[in-house]
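Heads up: the structure comes next, in structure tokens.
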Amino acid sequence: MLTLEFYRNLPKKQCRECGKTIEEQHESYVYECERCMGKHEA
Ligand SMILES: [Zn+2]
């Protein structure tokens, strides 16, 4: 899958909100750490 290949080639993702390195547990459009995502959902 081309999209998956694209993300695998990226350097470690960082949260766009706080700059924390995001663990590679999401395979798609995630640019925020769990804490910041939770903040948006609240
Ligand atoms: Zn964050």
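Scanning segment 20-42 for residues that are exposed (fewer than 11 other Cβ atoms within 10 Å of the Cβ) and modelled with pLDDT of 85 or more yields a count of 1.
Of all residues in segment 1-19, those satisfying the criterion of being at pLDDT 85 or above and more than 10 Å from the chain's Cα centre (by Cα) are E17, C18, G19.
The values are calculated or read from the model by the stated rules, or taken from the named source; none is laboratory data. Because the structure is predicted, anything quoted here is derived from the model rather than measured. Using ideal geometry, Cβ is built from the backbone for each residue, glycine included, and neighbour counts are taken over all protein chains shown.
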